[in-house]
C-alpha cells in the first residue's frame, strides 16, 4: 500500500472513530509529516480539535490526551501500523510497520495510470510569436509547461498540449515589413534566399526583426507599413498574406525543431488566423453582447469601444486597455481573441477548427495544426472540450488572463473561474559572466549588476539553440576528459542529456514567480542543487547494481528478484535491521523515495514544478549519503544485503522517475 493510500486509510479511520465514539462528524482530518522519522511517519493533531467540538456539542470538557488514546486503539488495528504513540498533550504519532512497508512497496512504479476515458485537461505553453528564433525566456515557458504536463500525466490526468500560433499579430507583421520594405522581396525571392542561407531561417528573421525595430525608430512614419501589413493579414488572402503565412510557418517549423531538442512536444498548433476566419471571435462576441457581459462606450476615453468592466478595477487606468475587447476602429484586441480561444478550449463555443497534420516526430507521434480549409483530415484526433485549461504565460499578462478567466466565467457561470488557470512565471535574465561568455559587450555598470536583462526587439537575447549548443560543448569537454575511450556518438549522447538536464533543472528549481538569472558554471556544476548532481546520483546507483551483479555472477533482474524474495520471507530479520543503529537512516531513505507520488500530487495541486525539483535534489543528497555509509558488495549478512539492494533500487527508480517527470534523462555514465 502506497504512502498516499496509507494516509487516506488512517484519515478515514480517525474520522470514523470520531463519529462512532464521540458522535462528531469531522470534515477534514489534518495530518503532518514529522521532520524526522524518529518522531513518527505521520502525526495527527486532531485530538485538540475534537475536544473543542465535543465541548461545543455537549458542553462537556474532554482531555485531548484521553481522546488521543481512544483514537490510538483504532489506528493500531492495522497490520501496516507498527505502533502509535501519544505525545505531549495529545498528538498522535503513527509509525508504519517498516518491514511490511518495504516488502509491499519495493516494486512501486510511483505513477497513476492515465484513464483515457477520464475528463481531459489542456495545457497551452510555448506560444512563441512565429517571427524569429526562440530564446531562453521562451525555453522557461516551454520547460515549465512541458514539466507540468508530465506532472499531470504522472498524476493520472489525460492531457492535451497546445502551442498557440499568433500568425496574424504585430511581430509577424514586423518581420514581413522587413522582407517587403527593407529587403524588397516577394515570396519567391524569400524561398530562393532561404535555399542559400548558411544560418537557420529563424536566425535570419531574428536579425531582420531587429533591423525593423531600428527602421521604426528612425522615422515614426515608417510604422504605417506595419498597419498596412496587419490589415492584409486580417483579410486572410492576397500576396502579403501568403508571404506572411510562409514566413510564420517556416518559423514554427524551426521553433518546433528547437523545442524537440529539449524533448518538448505538442499535440495541436491552433492558429490565430482561424480564430478570425472561422468566426470564433464573432460567435464569442455575440454571446457576450447577448448576456450583457460587455457594453459599448458612448463617451470618455474609451468612446466607440466594446469593454468588459470589472468592479474590482473600476476607477483605475492601469489596465483599461486590457478591458477593451473591440477598439473604436473595429479591430479585436488580443484579450478578445483569447476569450474566444479559451471558450473553444473548454468546449463552450459551439464551433470547431478544421485540422490537418503538420508533422510527425521521429518516433511517429503527430502534431496537428488548425486550418481555414473546409475539409478536416479524417484521422485528426478530437481536440478541445477540456475540463480545465492551464495557460502558461508570464506574469506581465496576469491582468489580461484575469479578464479572460472572469469573462468566460461570466458567460458560463456553471463552468466558473476554476476551469481557467493562469500558470504564471517571471522572466529569465543572464548573469554578467554568462552574458560575456555569449559575446555580449557589457559596460562597467552592467558588469556590476546582479543580472543583465534581454530584449528581443533590440536583438539582445540568447537564442535557445545557441544556449543548448554551448551547454553541450561544455558538457562534451567534461565527458571526453572522463571517458576518452568511448565512441564519439556515445560522448555526444551523454553530453546532450547532461546539457538538457542542466538547463531544465536550472529553470525549474526556482519557484515560478522568481526571476531566473542563468549562469553556465552554476548550471553545469557537479555539486550543489543542479541537474548534473541529480543525474550523477542516479548514474552512481546504476553503477552499483552492475558491480554487485558482477560480484555475485548474476544478472541485475535475477539479483533484484532474489533480494525481493529475501525481504518478503525474512520479515523478522528485516524488522530487526530497521530497529538497529542504522535503521532510522535506512528507513528515512525508504520513506523519502516512497513520497514521489505524494510530491507529484502536491506539485499538480499548487501548479509548482519547483516542488518536484527540490524533492529530486533532496533524494539525490540522501542517495549520495547512503552510498558513503553502506557497502553492498562487502556486506556479509545476506538479509541486510538484500535490504540494502532493495532500498538502493527503490531510490534509484524514484529518482529516475522524478527526473523524467522534469524532462531529464539519466545517461549511461557521467
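The values are calculated or read from the model by the stated rules, or taken from the named source; none is laboratory data. Because the structure is a prediction, the values reported are computed rather than measured. Note that each Cβ is placed from the backbone with ideal geometry, even for glycine, and that neighbours are counted across all protein chains shown.
Of the numbered criteria (1) part of a strand (DSSP E or B); (2) within 23 Å of residue 266 (Cβ to Cβ); (3) out of contact with any helix residue (DSSP H, G or I) (no Cβ under 6 Å at 6 or more places or on another chain), the one residue 161 fails is (3). The lone criterion from (1) surrounded by fewer than 22 Cβ atoms within 10 Å (Cβ to Cβ); (2) touching a helix residue (DSSP H, G or I) at 6+ places or on another chain (Cβ under 6 Å); (3) at pLDDT 95 or above; (4) assigned to a helix (DSSP H, G or I) left unmet by residue 545 is number (3). Give the range 363-411 a look and list any residue that's farther than 20 Å from residue 126 by Cα and under 23 Å from the mean Cα position of the chain (by Cα), or say none. Scanning the range 363-411 gives 363, 385, 387. Entry remark, the range 210-260: residues being under 27 Å from residue 138 (Cα atoms), at pLDDT below 95 and in contact with a helix residue (DSSP H, G or I) (Cβ under 7 Å, 6 or more places away or on another chain) number 3 in total. Tallying residues that are touching a residue at least 12 places away in the same chain (Cβ under 8 Å), surrounded by fewer than 15 Cβ atoms within 10 Å (Cβ to Cβ) and not in a helix (DSSP H, G or I) within the range 194-237 yields 1. All told, residue 249 falls short of being in a helix (DSSP H, G or I), surrounded by 20 or more Cβ atoms within 10 Å (Cβ to Cβ) and within 27 Å of the chain's Cα centre (by Cα).
Before we move on, is residue 139 closer than 25 Å to residue 380 by Cα, surrounded by 20 or more Cβ atoms within 10 Å (Cβ to Cβ) and within 13 Å of the chain's Cα centre (by Cα)? When the stated conditions are applied, residue 139 does not pass them. Where strands (runs of 3 or more DSSP E) sit wholly within the range 343-434, those with at least 3 residues that are more than 21 Å from residue 605 (Cα to Cα) occupy 354-360, 366-371, 428-430. Are any residues in the range 507-529 surrounded by 15 or more Cβ atoms within 10 Å (Cβ to Cβ) and closer than 20 Å to residue 439 by Cβ, and if so, which ones? 517, 518, 519, 520, 522, 523, 524 - these are the residues of the range 507-529 that are surrounded by 15 or more Cβ atoms within 10 Å (Cβ to Cβ) and closer than 20 Å to residue 439 by Cβ.
Looking across the range 571-624, not a single residue is free of Cβ contacts under 8 Å to residues at least 24 places away in the same chain and buried (at least 23 other Cβ atoms within 10 Å of the Cβ). Tell me, yes or no, whether the range 423-442 has at least one residue that is surrounded by fewer than 18 Cβ atoms within 10 Å (Cβ to Cβ), out of contact with any strand residue (DSSP E or B) (no Cβ under 7 Å at 6 or more places or on another chain) and at positive phi. Within the range 423-442, one or more residues are surrounded by fewer than 18 Cβ atoms within 10 Å (Cβ to Cβ), out of contact with any strand residue (DSSP E or B) (no Cβ under 7 Å at 6 or more places or on another chain) and at positive phi.
When restricted to residues that are in contact with a helix residue (DSSP H, G or I) (Cβ under 8 Å, 6 or more places away or on another chain), in contact (Cβ under 8 Å) with a residue 40 or more places away in the chain and surrounded by 19 or more Cβ atoms within 10 Å (Cβ to Cβ), the range 20-51 contains 7.
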